[in-house]
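The values are calculated or read from the model by the stated rules, or taken from the named source; none is laboratory data. The model shown is predicted, which means the values in this text are computed figures rather than measured ones. Heads up, the Cβs are rebuilt from the backbone with ideal geometry, glycines too, and the neighbour counts pull from every protein chain shown. Only protein heavy atoms, including side chains, enter the accessible area calculation; ligands, DNA and RNA are left aside. Shrake-Rupley method; radii C 1.70, N 1.55, O 1.52, S 1.80 Å.
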Amino acid sequence: MHIAVVGLSHRTAPVEIRERLSIPEQTMEDSLQRLRADEQVIEASILSTCNRLEIYTLLRHPERGISAVGDFLSQQSGLAVEELRPHLFTFHHEEAVGHLLRVAAGLDSLVLGEGQILSQVKKMVRLGQEHRSVGPILNRLLNQAVSTGKRVRTETNLGTGAVSISSAAVELAQLKVGQARGRDELVPLDQEQVAVVGAGRMARLLLQHLQAKGCRGVVVLNRTVSRAEALAADFPTLPVQCRPLDDLDHCLSTCSLVFTSTGAEEPIITARRLEGLNRRSSLMLIDIGVPRNISADAAELPGVDSFDVDDLQEVVARNQEARREMAAEAEGLLAEESRLFLEWWDGLEAVPLVNRLRLQLEDIREQELQKALSRMGPDLSARERKVVEALSKGIINKILHTPVTKLRAPQPRQQRLASMGVLRDLFELHDDPPEA
(Lines give C-alpha, C1' and ligand atoms only; values in the text may rest on other atoms or scores of the structure.)
Protein backbone atom coordinates (compact mmCIF):
# COMPACT_ATOMS: atom_id res chain seq x y z
CA MET A 1 0.00 0.00 0.00
CA HIS A 2 1.17 3.50 -0.82
CA ILE A 3 0.09 6.98 0.35
CA ALA A 4 0.13 9.72 -2.30
CA VAL A 5 -1.34 13.13 -3.02
CA VAL A 6 -1.90 14.58 -6.50
CA GLY A 7 -3.14 18.13 -6.98
CA LEU A 8 -2.65 21.71 -7.97
CA SER A 9 -2.81 25.01 -6.11
CA HIS A 10 -2.32 28.75 -6.46
CA ARG A 11 1.41 27.99 -6.52
CA THR A 12 1.23 25.74 -9.61
CA ALA A 13 -1.85 26.71 -11.63
CA PRO A 14 -3.66 29.94 -12.62
CA VAL A 15 -7.28 30.45 -11.66
CA GLU A 16 -8.53 29.53 -15.16
CA ILE A 17 -7.12 26.01 -14.62
CA ARG A 18 -8.16 25.73 -10.96
CA GLU A 19 -11.78 26.64 -11.68
CA ARG A 20 -12.06 23.76 -14.16
CA LEU A 21 -11.14 21.34 -11.38
CA SER A 22 -13.28 22.85 -8.64
CA ILE A 23 -15.57 20.18 -7.14
CA PRO A 24 -18.62 21.53 -5.26
CA GLU A 25 -19.94 19.65 -2.25
CA GLN A 26 -23.09 18.51 -4.07
CA THR A 27 -21.02 16.51 -6.59
CA MET A 28 -18.37 15.29 -4.14
CA GLU A 29 -19.99 11.90 -3.56
CA ASP A 30 -20.02 11.14 -7.29
CA SER A 31 -16.38 12.27 -7.63
CA LEU A 32 -15.25 10.08 -4.74
CA GLN A 33 -17.13 7.09 -6.12
CA ARG A 34 -15.51 7.54 -9.55
CA LEU A 35 -12.09 7.64 -7.90
CA ARG A 36 -12.77 4.56 -5.80
CA ALA A 37 -14.11 2.67 -8.81
CA ASP A 38 -10.53 2.17 -10.00
CA GLU A 39 -9.02 -0.98 -8.48
CA GLN A 40 -5.76 0.87 -7.80
CA VAL A 41 -7.44 3.32 -5.38
CA ILE A 42 -8.05 1.74 -1.98
CA GLU A 43 -9.00 4.95 -0.13
CA ALA A 44 -9.51 8.52 -1.36
CA SER A 45 -10.33 11.99 -0.09
CA ILE A 46 -10.64 15.31 -1.94
CA LEU A 47 -9.77 18.82 -0.73
CA SER A 48 -11.38 21.43 -3.02
CA THR A 49 -11.03 25.15 -2.22
CA CYS A 50 -10.70 28.35 -4.22
CA ASN A 51 -6.91 27.98 -4.18
CA ARG A 52 -6.37 24.22 -4.45
CA LEU A 53 -7.68 20.85 -5.56
CA GLU A 54 -5.84 17.97 -3.89
CA ILE A 55 -6.60 14.25 -3.95
CA TYR A 56 -5.23 12.17 -1.08
CA THR A 57 -5.12 8.45 -1.78
CA LEU A 58 -4.06 5.07 -0.52
CA LEU A 59 -2.94 3.15 -3.59
CA ARG A 60 -2.14 -0.47 -4.38
CA HIS A 61 0.64 0.42 -6.80
CA PRO A 62 2.28 3.89 -6.96
CA GLU A 63 2.65 4.37 -10.71
CA ARG A 64 -0.63 2.77 -11.79
CA GLY A 65 -2.49 4.53 -8.98
CA ILE A 66 -1.10 7.98 -9.88
CA SER A 67 -2.04 7.33 -13.50
CA ALA A 68 -5.62 6.53 -12.42
CA VAL A 69 -5.84 9.80 -10.47
CA GLY A 70 -4.49 11.68 -13.49
CA ASP A 71 -7.20 10.15 -15.68
CA PHE A 72 -9.84 11.25 -13.14
CA LEU A 73 -8.51 14.83 -13.17
CA SER A 74 -8.53 14.85 -16.95
CA GLN A 75 -12.16 13.71 -17.05
CA GLN A 76 -13.11 16.22 -14.36
CA SER A 77 -11.51 19.20 -16.13
CA GLY A 78 -12.02 18.26 -19.76
CA LEU A 79 -8.29 18.82 -20.30
CA ALA A 80 -5.87 16.22 -21.59
CA VAL A 81 -3.44 14.78 -19.05
CA GLU A 82 -0.60 16.37 -21.04
CA GLU A 83 -2.21 19.80 -20.60
CA LEU A 84 -2.71 19.28 -16.87
CA ARG A 85 0.68 17.76 -16.10
CA PRO A 86 2.67 21.06 -15.95
CA HIS A 87 0.28 22.32 -13.25
CA LEU A 88 0.16 19.18 -11.09
CA PHE A 89 2.29 18.18 -8.14
CA THR A 90 2.64 14.65 -6.79
CA PHE A 91 3.94 13.75 -3.34
CA HIS A 92 4.53 10.22 -2.06
CA HIS A 93 4.42 8.77 1.44
CA GLU A 94 6.52 10.93 3.80
CA GLU A 95 6.29 14.00 1.52
CA ALA A 96 2.53 13.50 1.15
CA VAL A 97 2.09 13.33 4.92
CA GLY A 98 4.21 16.44 5.43
CA HIS A 99 2.32 18.34 2.73
CA LEU A 100 -1.08 17.60 4.28
CA LEU A 101 0.12 18.75 7.70
CA ARG A 102 1.46 21.99 6.18
CA VAL A 103 -1.85 22.59 4.42
CA ALA A 104 -3.87 22.06 7.60
CA ALA A 105 -1.54 24.36 9.54
CA GLY A 106 -1.97 27.15 6.96
CA LEU A 107 1.70 27.05 5.92
CA ASP A 108 0.88 26.34 2.27
CA SER A 109 -1.88 28.95 1.96
CA LEU A 110 -1.81 32.04 -0.22
CA VAL A 111 -2.23 34.03 3.00
CA LEU A 112 0.28 32.38 5.32
CA GLY A 113 -1.40 31.14 8.50
CA GLU A 114 -4.99 31.71 7.32
CA GLY A 115 -7.51 29.97 9.52
CA GLN A 116 -10.20 29.03 7.01
CA ILE A 117 -8.18 26.19 5.50
CA LEU A 118 -8.46 24.16 8.72
CA SER A 119 -12.26 24.18 8.50
CA GLN A 120 -11.93 23.10 4.87
CA VAL A 121 -9.72 20.15 5.90
CA LYS A 122 -12.32 19.24 8.54
CA LYS A 123 -14.96 19.31 5.81
CA MET A 124 -12.79 16.99 3.68
CA VAL A 125 -12.66 14.52 6.59
CA ARG A 126 -16.43 14.70 7.11
CA LEU A 127 -17.25 14.15 3.44
CA GLY A 128 -14.79 11.26 3.16
CA GLN A 129 -16.40 9.58 6.15
CA GLU A 130 -19.97 10.27 5.02
CA HIS A 131 -19.34 8.88 1.55
CA ARG A 132 -17.25 5.96 2.86
CA SER A 133 -14.26 6.74 0.65
CA VAL A 134 -11.73 6.74 3.49
CA GLY A 135 -10.66 3.72 5.52
CA PRO A 136 -8.46 3.28 8.59
CA ILE A 137 -5.28 4.68 7.00
CA LEU A 138 -6.54 7.96 5.54
CA ASN A 139 -8.98 8.39 8.41
CA ARG A 140 -6.10 8.39 10.87
CA LEU A 141 -3.95 10.65 8.68
CA LEU A 142 -6.71 13.21 8.03
CA ASN A 143 -7.75 13.38 11.65
CA GLN A 144 -4.13 13.82 12.69
CA ALA A 145 -3.89 16.69 10.19
CA VAL A 146 -6.88 18.39 11.85
CA SER A 147 -5.41 17.98 15.33
CA THR A 148 -2.04 19.26 14.04
CA GLY A 149 -3.70 22.34 12.56
CA LYS A 150 -5.37 23.05 15.90
CA ARG A 151 -2.12 22.48 17.77
CA VAL A 152 -0.18 24.90 15.55
CA ARG A 153 -2.77 27.60 16.13
CA THR A 154 -2.82 27.16 19.91
CA GLU A 155 0.88 26.55 20.58
CA THR A 156 2.48 29.06 18.18
CA ASN A 157 1.96 32.68 17.16
CA LEU A 158 1.05 31.79 13.58
CA GLY A 159 -2.66 32.14 14.23
CA THR A 160 -2.26 35.54 15.89
CA GLY A 161 -3.83 38.14 13.66
CA ALA A 162 -3.99 35.65 10.82
CA VAL A 163 -5.72 37.04 7.77
CA SER A 164 -7.95 35.37 5.21
CA ILE A 165 -8.67 35.52 1.51
CA SER A 166 -11.52 37.90 2.32
CA SER A 167 -9.33 40.30 4.29
CA ALA A 168 -6.71 40.21 1.53
CA ALA A 169 -9.47 41.09 -0.97
CA VAL A 170 -10.48 44.12 1.10
CA GLU A 171 -6.83 45.18 1.38
CA LEU A 172 -6.47 44.83 -2.39
CA ALA A 173 -9.43 47.18 -2.78
CA GLN A 174 -7.82 49.65 -0.38
CA LEU A 175 -4.55 49.49 -2.30
CA LYS A 176 -6.14 49.90 -5.74
CA VAL A 177 -8.36 52.76 -4.56
CA GLY A 178 -5.27 54.43 -3.09
CA GLN A 179 -3.31 53.95 -6.32
CA ALA A 180 -6.19 55.45 -8.30
CA ARG A 181 -5.81 58.53 -6.07
CA GLY A 182 -2.08 58.65 -6.69
CA ARG A 183 -1.10 57.06 -3.34
CA ASP A 184 0.65 53.67 -3.21
CA GLU A 185 -0.86 52.72 0.16
CA LEU A 186 -3.96 51.25 1.77
CA VAL A 187 -6.68 53.90 2.13
CA PRO A 188 -10.03 53.84 3.95
CA LEU A 189 -13.07 52.80 1.95
CA ASP A 190 -15.41 55.39 3.45
CA GLN A 191 -15.98 57.13 0.11
CA GLU A 192 -16.86 53.98 -1.86
CA GLN A 193 -20.31 52.67 -2.73
CA VAL A 194 -19.80 48.98 -1.92
CA ALA A 195 -21.75 45.86 -2.85
CA VAL A 196 -21.14 42.22 -1.89
CA VAL A 197 -22.65 39.52 -4.09
CA GLY A 198 -23.27 36.38 -2.05
CA ALA A 199 -24.18 35.72 1.57
CA GLY A 200 -22.02 32.76 2.59
CA ARG A 201 -18.98 32.38 4.79
CA MET A 202 -16.71 34.45 2.54
CA ALA A 203 -19.31 37.24 2.39
CA ARG A 204 -19.48 37.28 6.18
CA LEU A 205 -15.72 37.73 6.39
CA LEU A 206 -15.89 40.46 3.74
CA LEU A 207 -18.40 42.40 5.84
CA GLN A 208 -16.21 42.04 8.93
CA HIS A 209 -13.18 43.47 7.16
CA LEU A 210 -15.11 46.16 5.26
CA GLN A 211 -16.49 47.39 8.55
CA ALA A 212 -13.00 47.43 10.07
CA LYS A 213 -11.62 49.40 7.09
CA GLY A 214 -14.05 52.29 7.42
CA CYS A 215 -16.79 51.25 5.00
CA ARG A 216 -19.96 53.28 5.77
CA GLY A 217 -22.50 50.98 4.13
CA VAL A 218 -22.84 47.84 2.02
CA VAL A 219 -25.41 46.38 -0.34
CA VAL A 220 -25.65 42.58 -0.04
CA LEU A 221 -27.21 40.76 -2.98
CA ASN A 222 -28.24 37.13 -2.80
CA ARG A 223 -30.66 34.78 -4.52
CA THR A 224 -32.35 34.29 -1.14
CA VAL A 225 -32.91 37.69 0.47
CA SER A 226 -33.74 36.15 3.85
CA ARG A 227 -30.24 34.67 4.03
CA ALA A 228 -28.74 38.09 3.29
CA GLU A 229 -30.95 39.59 6.02
CA ALA A 230 -29.77 36.96 8.52
CA LEU A 231 -26.17 37.89 7.66
CA ALA A 232 -26.89 41.62 7.98
CA ALA A 233 -28.40 41.08 11.42
CA ASP A 234 -24.96 40.09 12.71
CA PHE A 235 -23.61 43.56 11.83
CA PRO A 236 -25.90 45.97 13.68
CA THR A 237 -23.47 48.91 13.48
CA LEU A 238 -22.87 48.57 9.72
CA PRO A 239 -25.67 49.84 7.46
CA VAL A 240 -26.51 46.89 5.18
CA GLN A 241 -29.13 46.88 2.43
CA CYS A 242 -30.32 43.42 1.40
CA ARG A 243 -31.48 42.95 -2.17
CA PRO A 244 -32.28 40.05 -4.48
CA LEU A 245 -29.75 39.05 -7.13
CA ASP A 246 -32.15 40.43 -9.73
CA ASP A 247 -30.98 43.91 -8.62
CA LEU A 248 -27.40 43.18 -9.70
CA ASP A 249 -27.58 45.44 -12.77
CA HIS A 250 -28.72 48.37 -10.63
CA CYS A 251 -25.82 47.85 -8.20
CA LEU A 252 -23.32 47.55 -11.04
CA SER A 253 -24.61 50.88 -12.35
CA THR A 254 -24.47 52.74 -9.04
CA CYS A 255 -21.69 51.15 -6.99
CA SER A 256 -17.98 51.87 -7.33
CA LEU A 257 -16.70 48.69 -5.62
CA VAL A 258 -18.24 45.22 -5.98
CA PHE A 259 -17.02 42.00 -4.35
CA THR A 260 -18.32 38.63 -5.59
CA SER A 261 -18.27 35.32 -3.76
CA THR A 262 -20.97 32.93 -4.94
CA GLY A 263 -21.17 29.25 -5.79
CA ALA A 264 -22.21 29.95 -9.37
CA GLU A 265 -20.72 27.56 -11.94
CA GLU A 266 -20.61 30.24 -14.66
CA PRO A 267 -19.68 33.96 -14.50
CA ILE A 268 -22.58 36.18 -13.44
CA ILE A 269 -20.82 39.42 -14.45
CA THR A 270 -19.56 39.64 -18.03
CA ALA A 271 -18.42 42.38 -20.41
CA ARG A 272 -21.66 41.99 -22.33
CA ARG A 273 -23.69 42.61 -19.21
CA LEU A 274 -21.65 45.68 -18.25
CA GLU A 275 -21.79 47.16 -21.74
CA GLY A 276 -25.55 47.45 -21.51
CA LEU A 277 -25.48 49.51 -18.31
CA ASN A 278 -25.47 53.27 -17.83
CA ARG A 279 -22.76 53.38 -15.20
CA ARG A 280 -22.37 56.53 -13.09
CA SER A 281 -18.73 56.07 -12.18
CA SER A 282 -15.69 53.90 -12.61
CA LEU A 283 -16.19 50.38 -11.33
CA MET A 284 -13.83 48.08 -9.44
CA LEU A 285 -14.69 44.38 -9.37
CA ILE A 286 -12.98 41.94 -6.99
CA ASP A 287 -13.84 38.28 -7.47
CA ILE A 288 -12.88 35.72 -4.80
CA GLY A 289 -15.04 32.94 -6.22
CA VAL A 290 -13.67 29.78 -7.85
CA PRO A 291 -15.07 29.06 -10.38
CA ARG A 292 -14.88 32.76 -11.17
CA ASN A 293 -18.01 34.90 -10.85
CA ILE A 294 -16.61 37.58 -13.20
CA SER A 295 -15.50 36.77 -16.74
CA ALA A 296 -12.01 37.76 -17.85
CA ASP A 297 -13.32 40.07 -20.58
CA ALA A 298 -14.87 42.45 -18.00
CA ALA A 299 -11.45 44.06 -17.41
CA GLU A 300 -11.23 45.04 -21.08
CA LEU A 301 -13.98 47.66 -20.75
CA PRO A 302 -13.04 51.31 -20.16
CA GLY A 303 -13.65 52.44 -16.61
CA VAL A 304 -13.70 48.88 -15.27
CA ASP A 305 -10.93 47.34 -13.16
CA SER A 306 -11.39 43.63 -12.46
CA PHE A 307 -9.33 41.42 -10.13
CA ASP A 308 -9.52 37.77 -9.11
CA VAL A 309 -7.93 35.61 -6.40
CA ASP A 310 -4.61 35.43 -8.24
CA ASP A 311 -4.30 39.22 -7.96
CA LEU A 312 -4.26 38.99 -4.16
CA GLN A 313 -0.54 38.21 -4.29
CA GLU A 314 0.17 41.94 -4.52
CA VAL A 315 -1.14 42.68 -1.04
CA VAL A 316 -0.17 39.32 0.47
CA ALA A 317 3.49 39.97 -0.37
CA ARG A 318 3.45 43.11 1.77
CA ASN A 319 3.02 41.29 5.08
CA GLN A 320 4.32 37.83 4.19
CA GLU A 321 7.84 38.29 5.57
CA ALA A 322 6.68 38.88 9.14
CA ARG A 323 4.41 35.85 8.95
CA ARG A 324 7.26 33.65 7.72
CA GLU A 325 9.06 34.25 11.01
CA MET A 326 5.94 33.09 12.85
CA ALA A 327 5.68 30.05 10.57
CA ALA A 328 9.14 28.94 11.66
CA GLU A 329 7.65 28.22 15.10
CA ALA A 330 5.31 25.66 13.57
CA GLU A 331 7.91 23.64 11.66
CA GLY A 332 9.08 21.72 14.72
CA LEU A 333 5.51 20.72 15.59
CA LEU A 334 4.89 19.52 12.05
CA ALA A 335 8.05 17.40 12.08
CA GLU A 336 6.96 15.79 15.35
CA GLU A 337 3.43 15.06 14.13
CA SER A 338 4.74 13.65 10.85
CA ARG A 339 7.12 11.35 12.74
CA LEU A 340 4.26 10.07 14.94
CA PHE A 341 2.14 9.12 11.94
CA LEU A 342 5.01 7.50 10.05
CA GLU A 343 5.94 5.43 13.11
CA TRP A 344 2.35 4.21 13.29
CA TRP A 345 2.45 3.45 9.56
CA ASP A 346 5.70 1.52 9.91
CA GLY A 347 4.07 -0.55 12.64
CA LEU A 348 1.50 -1.75 10.09
CA GLU A 349 4.33 -3.56 8.29
CA ALA A 350 4.19 -6.22 10.98
CA VAL A 351 0.43 -6.79 10.75
CA PRO A 352 0.47 -9.50 8.01
CA LEU A 353 3.13 -11.45 9.92
CA VAL A 354 1.15 -11.13 13.16
CA ASN A 355 -1.99 -12.33 11.35
CA ARG A 356 -0.08 -15.35 10.02
CA LEU A 357 1.18 -16.17 13.51
CA ARG A 358 -2.32 -15.75 14.94
CA LEU A 359 -3.80 -18.11 12.34
CA GLN A 360 -1.11 -20.70 13.04
CA LEU A 361 -1.69 -20.56 16.80
CA GLU A 362 -5.45 -20.60 16.24
CA ASP A 363 -5.16 -23.79 14.20
CA ILE A 364 -3.14 -25.41 16.98
CA ARG A 365 -5.60 -24.20 19.61
CA GLU A 366 -8.60 -25.56 17.68
CA GLN A 367 -6.95 -28.97 17.15
CA GLU A 368 -5.93 -29.38 20.79
CA LEU A 369 -9.31 -28.13 22.01
CA GLN A 370 -11.16 -30.76 19.97
CA LYS A 371 -8.82 -33.48 21.31
CA ALA A 372 -9.44 -32.38 24.90
CA LEU A 373 -13.22 -32.17 24.46
CA SER A 374 -13.37 -35.64 22.90
CA ARG A 375 -11.47 -37.08 25.88
CA MET A 376 -13.87 -35.47 28.35
CA GLY A 377 -16.76 -37.40 26.86
CA PRO A 378 -20.41 -36.49 26.30
CA ASP A 379 -21.10 -35.61 29.95
CA LEU A 380 -19.50 -32.16 29.54
CA SER A 381 -22.18 -29.45 29.66
CA ALA A 382 -22.50 -26.66 27.08
CA ARG A 383 -21.47 -24.13 29.73
CA GLU A 384 -18.35 -26.12 30.59
CA ARG A 385 -17.44 -26.41 26.91
CA LYS A 386 -17.67 -22.60 26.58
CA VAL A 387 -15.44 -22.14 29.63
CA VAL A 388 -12.77 -24.48 28.23
CA GLU A 389 -12.89 -22.77 24.82
CA ALA A 390 -12.63 -19.30 26.39
CA LEU A 391 -9.64 -20.53 28.42
CA SER A 392 -7.84 -21.69 25.27
CA LYS A 393 -8.50 -18.38 23.49
CA GLY A 394 -7.32 -16.43 26.49
CA ILE A 395 -4.00 -18.33 26.52
CA ILE A 396 -3.42 -17.56 22.83
CA ASN A 397 -4.18 -13.86 23.35
CA LYS A 398 -1.79 -13.69 26.32
CA ILE A 399 0.98 -15.34 24.32
CA LEU A 400 0.50 -12.93 21.41
CA HIS A 401 0.18 -9.73 23.45
CA THR A 402 3.85 -9.03 24.13
CA PRO A 403 5.30 -9.80 20.66
CA VAL A 404 2.49 -7.91 18.92
CA THR A 405 2.91 -4.87 21.18
CA LYS A 406 6.67 -4.83 20.68
CA LEU A 407 6.42 -5.19 16.90
CA ARG A 408 3.89 -2.34 16.63
CA ALA A 409 5.71 -0.02 19.04
CA PRO A 410 7.65 3.00 17.62
CA GLN A 411 11.19 1.89 16.77
CA PRO A 412 13.77 2.09 13.96
CA ARG A 413 12.58 0.17 10.93
CA GLN A 414 15.68 -2.04 10.81
CA GLN A 415 15.06 -3.09 14.40
CA ARG A 416 11.47 -4.05 13.58
CA LEU A 417 12.54 -5.99 10.48
CA ALA A 418 15.10 -7.90 12.54
CA SER A 419 12.43 -8.87 15.10
CA MET A 420 10.08 -9.93 12.31
CA GLY A 421 12.84 -12.10 10.82
CA VAL A 422 13.37 -13.87 14.16
CA LEU A 423 9.64 -14.48 14.49
CA ARG A 424 9.44 -15.95 10.96
CA ASP A 425 12.32 -18.31 11.63
CA LEU A 426 11.17 -19.46 15.07
CA PHE A 427 7.60 -20.19 13.96
CA GLU A 428 8.42 -21.04 10.34
CA LEU A 429 6.10 -18.33 9.00
CA HIS A 430 7.48 -18.30 5.48
CA ASP A 431 4.23 -18.69 3.53
CA ASP A 432 2.60 -15.64 1.96
CA PRO A 433 0.85 -13.82 4.83
CA PRO A 434 -2.81 -12.85 4.51
CA GLU A 435 -3.71 -9.18 4.10
CA ALA A 436 -4.43 -7.16 7.24
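On a per residue basis, region 199-293 carries 48 Å² of accessible surface, using protein heavy atoms and a 1.4 Å probe. Just want the answer: with Cβ charges of +1 for Lys and Arg and -1 for Asp and Glu, which residue in VAL315, ILE288, GLY421 is farthest toward the dipole's positive end in region 278-436? Towards the positive end, the residue furthest out is GLY421.
Each of GLY115, ILE3, GLY394 was scored by the projection of its Cα onto the charge dipole of the chain, and the greatest displacement toward the positive side belongs to GLY394; charges sit on the C-beta of Lys, Arg, Asp and Glu. Estimated from helices alone, the mean residue ellipticity of the chain at 222 nm is -17500 deg cm²/dmol (sum of -39500 (n - 2.57) over DSSP H runs with n ≥ 4, per residue). Entry comment: accessible area of region 351-421 is 69 Å² per residue, from protein heavy atoms only and a probe of 1.4 Å. When only alpha carbons are used to place a centre, region 358-436 and region 282-351 end up 52 Å from one another.
A Cβ-based charge dipole, computed about the Cα centre of region 4-98 with Lys and Arg at +1 and Asp and Glu at -1, lands at about 120 debye.
Per residue, the convex hull spanned by the Cα atoms of region 340-381 amounts to 72 cubic angstrom.
Sites listed here are trypsin sites (Lys or Arg not before Pro) in region 28-134 whose DSSP assignment is loop and whose Cβ has at most 16 other Cβ atoms within 10 Å: ARG60, ARG132.
Surface composition of the chain: carbon plus sulfur atoms contribute 48% of the solvent-accessible area (1.4 Å probe, protein chains only, all chains present). The lysine pair tally for the chain, using Cα distances under 29 Å and a gap of 8 or more places or different chains, is 10. Think of the chain as a dipole: +1 on every Lys or Arg Cβ, -1 on every Asp or Glu Cβ, centred on the Cα centre; then among LEU101, CYS251, ILE364, ILE364 lies furthest on the positive end. Three semi-axes describe the equivalent ellipsoid of region 105-217; taken as square roots of 5 times the Cα gyration tensor eigenvalues and ordered largest first, they are 35, 16, 10 Å.
Counting Lys and Arg as +1 and Asp and Glu as -1, each charge on the Cβ, what is the dipole of region 18-159 about the Cα centre in debye, to the nearest 20?
Details: 17 positive and 18 negative charges, 96 e Å.
For region 18-159, the charge dipole is close to 460 debye.
Helix 116-130 and the longest principal axis of the Cα set of the chain meet at an angle near 50°. Kirkwood-type hydrodynamic radius, the chain: 25.3 Å, calculated from all non-identical alpha-carbon pairs.
To one decimal place, what orientation-averaged projected area in nm² is obtained for the convex hull of the Cα set of region 303-385?
On the way: hull surface 55.8 nm².
With every direction weighted equally, the projected area is 14.0 nm².
Taking only the alpha carbons of region 1-81, we obtain Rg and Dmax values of 11.9, 34 Å in that order. What the pair-distance distribution of region 1-143 shows, using all Cα-Cα distances binned every 10 Å from zero, is 12, 47, 37, 4 percent.
Exposure check, 1.4 Å probe, all protein chains in place: GLU185 carries approximately 80 Å² of accessible surface.
Of the listed residues ILE364, ILE137, the order by accessible area with a 1.4 Å probe, largest first, is ILE364, ILE137.
Per the Debye formula on identical point scatterers at the alpha carbon atoms of region 170-318, with no solvent, log10 I(q)/I(0) at q = 0.10, 0.11, 0.13 Å⁻¹ is -0.30, -0.37, -0.53. Here the chain is treated with +1 on each Lys and Arg Cβ and -1 on each Asp and Glu Cβ, and its dipole about the Cα centre works out to around 1300 debye.
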